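Trainee: The structure's right below; bear with me while I get my questions together.
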Amino acid sequence: MGMDLTVFMVDWGELSAIPVEHRIGRLEDIAWPGEFGNVYDDRDERSHGWLWPPGTAPAWCAVYSFLTTTSAHMPHARAGAAWADMRPLVDTPVRQSIDRFLGGLIWDEEQANTPAVAGGGVFPPPADRWHPHVLLVCPPEAVAGKARAWERVKPCLEELSGAFAAECEGWAGRPDTFESFVALLREWGAVVAEAAHRGWGLVGLP
């Protein structure tokens, strides 16, 4: 059974007020209260992929439900691997912008078969690097930079089709089509743009 990815948009001030050792648990409680409950089961709460917890108190985090994938981590890992394959064929200005946009989200320059252990002091380090507690941590200042990079990336997405065809098309462990690859990047663009608009950060839990 593969690993999942749950992406949270988080008010960093609220998160910082929670003791480090309890932060993952608080996020998990919001996303999955009780043994099997899910506060996001009500589809009426959905707005452009964002699922907000019900209630009258001001929400300090929300979960993004990816429309182009299931909750599985694998499509994101495949997209990151595709970019790692494609990037040598992409012009330098576009490559640099995409590197900045995707770096730490679904791709890292020294990408391995498993996601890098994330935390940076925001969360406790896992005892086993092969089973990370956190898949991504992107503070508000980093999100703002990614949002600026995304604005440069958006007009260039179709330019990637040739590199995708040369390096990824038909290969196992890569996105099935260029269209699905671009659709996932656009969703990440929407995630980053909304978090930057609010001045919030991003957290991804397995």
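Trainee: Let me confirm something: among GLU179, GLU158, GLU194, GLU141, which residue is under 16 Å from SER97 (Cα atoms) and not small (Gly, Ala, Ser)?
Mentor: From the options GLU179, GLU158, GLU194, GLU141, the qualifying one is GLU158.
Trainee: Next up: Going through region 65-93 one residue at a time, which ones are under 18 Å from PRO206 (Cβ atoms) and either modelled with pLDDT of 95 or more or part of a helix (DSSP H, G or I) (or both)?
Mentor: Those that are under 18 Å from PRO206 (Cβ atoms) and either modelled with pLDDT of 95 or more or part of a helix (DSSP H, G or I) (or both): MET74, PRO75, HIS76, ALA77, ARG78, ALA79, GLY80, ALA81.
Per-residue answers, yes or no, for (1) part of a helix (DSSP H, G or I); (2) of a type in the set (Ser, Thr, Tyr); (3) closer than 18 Å to VAL90 by Cα; (4) open to solvent by 60 Å² or more (accessible area, probe 1.4 Å):
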| residue | (1), (2), (3), (4) |
| --- | --- |
| PRO124 | no, no, no, no |
| ALA127 | no, no, no, yes |
| VAL137 | no, no, no, no |
| ALA166 | yes, no, yes, yes |
| LEU184 | yes, no, no, no |
| ALA190 | yes, no, no, no |
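Trainee: Report yes if some residue within region 131-153 is among the charged types (D, E, K, R) and at pLDDT below 95; otherwise report no.
Mentor: No, the conditions are met nowhere in region 131-153.
Trainee: As an exercise: evaluate ALA172 against (1) modelled with pLDDT of 95 or more; (2) open to solvent by 60 Å² or more (accessible area, probe 1.4 Å) and give the number of the one condition it does not meet.
Mentor: Result: ALA172 passes all but (1).
Trainee: If you scan region 94-121, which residues turn out to be open to solvent by less than 60 Å² (accessible area, probe 1.4 Å) and at pLDDT 90 or above?
Mentor: Hits for region 94-121 are VAL94, ARG95, SER97, ILE98, ASP99, PHE101, LEU102, GLY103, GLY104, LEU105, ILE106, TRP107.
The values are calculated or read from the model by the stated rules, or taken from the named source; none is laboratory data. Since we're looking at a predicted model, the values are computed, not measured. In this analysis, Cβ positions are derived from the backbone assuming ideal geometry, glycine residues included, and neighbour counts consider all displayed protein chains. For accessibility, only protein heavy atoms count, side chains too; no ligands or nucleic acids. Shrake-Rupley method; radii C 1.70, N 1.55, O 1.52, S 1.80 Å.
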